[in-house]
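Remarks on the structure that follows.
The values are calculated or read from the model by the stated rules, or taken from the named source; none is laboratory data. Note that the structure is a prediction, hence the values are computed from the model and not measured. Backbone-built Cβ (ideal geometry, glycine too); neighbour counts: all protein chains shown. What goes into the accessible areas is simple: the full protein's heavy atoms, side chains included, and nothing from ligands, DNA or RNA. Shrake-Rupley method; radii C 1.70, N 1.55, O 1.52, S 1.80 Å.
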Amino acid sequence: MSGLLPSHLEQDVTPEDEGELRVLSLTDDDAERLIGSVSSETARSILTALEERPATASELADSVSTSLQNVRHHLGNLQEAGLVEVAGTRYSVKGREMKVYAPSQDSLVVVGSDADKERFLDSLDRLVGVLAVLAVAAFAVQRSFGTGVVDLGGPGTAPRVGDTVGGAAGPILGLVPPGVAFLAGGLLVVALLAVWDRYTD
């Protein structure tokens, strides 16, 4: 029987979804569960071990030197808090199906209050909008000014001219395409405005 069922997975087990951004304020019940789930050193050790690689409860018990019952208790708390999820299954040498745990793919931000949560989400919405506009503008700049040059023939020393009006712009100093330079400059301006806004608040 043990020869028919794999005792180890041949490939990494990771959650299928990409995860999402979770923003919690300290007044949320979810935040209370989250903080409670990682208050134990054993729970933090389990989470650290799972960050290295997905594992079963028995493997975690060996890894963090504690009992299987203790690991299952902490895994339950970590699952309720949304920090850990079941990523797949594995079979023991006796043919018993075991759950394989992995860290959640969600990104997590904890803020002080509901008002802070709203401000953070508003700022994130504005930032995403600005980055989208910058990306589109950078693409347009690259299409307009980043085209190559056409060789008109003749000796190797013959002059080359751009195939569009903006072709002469080419990469800045031969290293950075115009679209990338525009995007970098835009990101720098956004960063400076964010620092200024933070400084003046």
Checked pairs for the stretch 121-145, first closer than 19 Å to residue 20 by Cα, second open to solvent by 70 Å² or more (accessible area, probe 1.4 Å), C-beta under 7 Å and 6 or more apart or across chains, list as none
Selection within the stretch 61-101 - among the small types (Gly, Ala, Ser), farther than 30 Å from residue 21 by Cβ and touching a residue at least 60 places away in the same chain (Cβ under 8 Å): 92, 95
Within the stretch 138-156, does at least one residue satisfy the condition of being part of a helix (DSSP H, G or I), open to solvent by less than 90 Å² (accessible area, probe 1.4 Å) and at pLDDT below 75? no
Exactly one of 39, 104, 7 is at pLDDT 75 or above and over 21 Å from the mean Cα position of the chain (by Cα), and that residue is 39
